[in-house]
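The values are calculated or read from the model by the stated rules, or taken from the named source; none is laboratory data. Worth saying up front: this structure is predicted, and the values here are computed from it rather than measured. Every residue, glycine as well, gets a Cβ built from its backbone with ideal geometry; the counts of neighbours run over all protein chains shown. Protein only, heavy atoms only, side chains kept; ligands, DNA and RNA dropped before computing areas. Shrake-Rupley method; radii C 1.70, N 1.55, O 1.52, S 1.80 Å.
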Amino acid sequence: MTVFWRSGYAVGHVLRLDDGREKRMEAGTPPTPHATLPPLSVSVVICTRDRPDELRRCLASLPQQSVTPAEIVVVDNASRDGRTREVALEAGVVYVREDRPGLDFARNTGALRATADIIAYTDDDVLLHPQWLEHLLAAFDEPSIGAVTGLVLPGELETAAQRHFESYWSFGQGYDRIDFRAADFAATSAQVVFPAWKVGAGASMAFRRDVFDRVGYFDERLDVGQAGCSGDSEYWYRLLAAGIDCRYEPTAIAFHFHRRAMEGLSHQIYSYMRGHAAALMVQNERTGLRCNLRQALWRMPRWYAGRIWRRLRQGRTIEDRFLKQEVTGYFAGLLFYWRQKRPHG
């Protein structure tokens with residue numbers, strides 16, 4: 001994968017697939033520097049569990065930021081030993097322990113502990129571009145923008161599993177800024193499920209503090225440690241449903257280290273679809289928009305039936321390498337949702 005840069009900004013890439021094909025993506029318009037930063041303070045929250053080496057690497061990229069965060073909060077999500085705490089204290093950051101396993105438990109604990117106007121989240125398996133935080137902050141230049149995400153590029157592509165993920169499951173949403181307006185959501189959401197997963201990735205996202213007061217916190221039934229994924233996309237969906245705009249800002253760049261082994265990637269894809277199915281049900285529950293129910297119980301099963309039929313007739317393709325994990329994960333997500341207690345309020 002070759003990434004092209006212009007004046008310090010990523011503007012496109014060429015990705016060569018293992019079968020020799022190429023995927024190309026480029027910016028439609030050149031990125032423009034921001035004039036001034038909004039007068040907002042920023043807290044950075046990193047949720048982590050049993051990955052002290054990755055956490056140390058991530059924390060090492062924060063002192064290089066062109067904007068200094070008001071604080072860095074490490075939320076230790078039920079790690080089995082004291083190494084995570086040691087790494088956080090060595091780095092001189094705020095350390096908080098959250099004993100309930102689940103990424104959204106940890107995200108909410110971080111939001112409650114953070115004190116700044118903007119709460120920015122990243123993951124422990126990420127390296128941050130030196131202007132990551134500056135560009136996230138600059139994107140809050142309109143009062144209507146309640147959430148901003150950034151471009152996530154691969155940190156390495158050394159293994160077949162990493163190349164497969166980047167080829168078919170990439171976090172990146174392109175090199176052009178995209179505004180996801182609540183008005184567009186309102187105009188279409190009664191008929192089809194708004195694709196909130198396209199807003200960005202949880203490895204690089206930020207929120208105004210007041211959105212948590214307006215729409216609540218992350219749904220703790222979702223994401224890693226619970227349903228498996230989609231705690232971030234369900235939250236963006238909820239913001240849009242509440243009339244709050246979201247923005248994808250590709251000048252805010254983070255580098256994510258994908259799973260190196262096929263076994264880990266297989267489990268990840270299973271978890272992604274498990275979380276996606278559960279999130280559709282949660283979105284229906286929280287917003288009353290029944291297009292989510294139609295998507296979960298009719299359109300997605302029909303889509304998977306079509307893919308299975310094509311595979312039986314035409315044989316296996318590289319895109320369907322993990323079709324079994326997708327299908328079993330999806331229906332496991334529906335079962336997971338129906339077995340969970342509904343939150344109060």
| field | Segment L293-A190, length gained on full extension (0.36 nm per residue, minus Cα span) | value | 35.9 nm
| said: Under the 0.36 nm per residue contour assumption, what length would be gained going from the current alpha-carbon distance of R80 and W303 to full extension? | reply: 76.3 nm
| message | Within the chain, which whole H helices from DSSP have a Cα span along their axis of at least 20 Å and a mean Kyte-Doolittle hydropathy of 0.0 or more, if any? | response | 323-339
| said: Per residue of segment 42-50, what does 6.51 cos²θ - 1.76 cosθ + 1.60 with θ = phi - 60° give for ³J(HN,Hα)? Whole Hz please, x for Gly and Pro, Karplus curve as stated. | reply: 10, 9, 9, 10, 10, 9, 8, 8, 6
| request: Evaluate the distance, in nm, between pseudo-label points positioned 7 Å from the Cα of F4 and of A60 along their respective Cα→Cβ axes. | output: 3.2
| field | Residue (of L293, T159, A187) at the positive-pole extreme of the chain, dipole from beta-carbon charges | value | L293
| remark: Shape call for segment 234-339, from the Cα gyration tensor axes a ≥ b ≥ c (a/c under 1.5 means rounded, otherwise prolate when a/b beats b/c, else oblate), comes out oblate
| segment 3-37: which trypsin sites (Lys or Arg not before Pro) are DSSP loop and have at most 11 other beta-carbon atoms within 10 angstrom? | R21
| Around R209: net Lys/Arg minus Asp/Glu count, Cβ-Cβ under 14 Å | 0
| task | Using the charge dipole of segment 106-170 (Lys, Arg: +1 at Cβ; Asp, Glu: -1 at Cβ; taken about the Cα centre), state which of N108, T122, P143 has its Cα farthest towards the positive end. | result | N108
| message | Rounded to the nearest 20 debye, what is the charge dipole size of the chain about its Cα centre when +1 sits on each Lys and Arg Cβ and -1 on each Asp and Glu Cβ? | response | 1520
| request: Have a look at I253, A35, G228 and report the one farthest towards the positive end of the charge dipole of the chain, computed about the Cα centre with Cβ charges (Lys/Arg +1, Asp/Glu -1). | output: G228
| request: Would you calculate the separation in nanometres between label points at D53 and R260, each defined as 7 Å from the Cα along the Cα-to-beta-carbon direction? | output: 0.6
| remark: Note to self, the chain gives a 222 nm [θ] from helices alone (DSSP H runs n ≥ 4, -39500 (n - 2.57) apiece, / all residues, nearest 500) of -11500 deg cm²/dmol
| field | Percent antiparallel among DSSP beta bridges (both partners in the chain, rounded to 5) | value | 50
| message | How much length would be gained if the chain were fully extended between D213 and R181, taking 0.36 nm per residue of separation minus their Cα-Cα distance, in nm to one decimal? | response | 9.5 nm
| said: Among R290, R310, R97, which one shows the highest mean-square fluctuation when the chain is modelled as a Gaussian network with alpha-carbon springs under 10 Å? | reply: R310
| request: Quick one: dipole size for segment 88-182, taken about the Cα centre, charges +1 on Lys/Arg Cβ and -1 on Asp/Glu Cβ, in debye to the nearest 20. | output: 240
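Rounded to the nearest whole Å², what accessible area per residue is found for segment 250-345 with the 1.4 Å probe?
Each residue of segment 250-345 exposes 56 Å² on average to a 1.4 Å probe.
Compute the accessible area per residue over segment 94-189, keeping the other protein chains in place, probe 1.4 Å, unit Å².
33
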| request: With label points built 7 Å along Cα→Cβ from the Cα atoms of D18 and R342, find their separation and express it in nm. | output: 4.4
| Quick one: with all protein chains in place, what share of the accessible area of the chain is carbon or sulfur, to the nearest percent (1.4 Å probe)? | 52
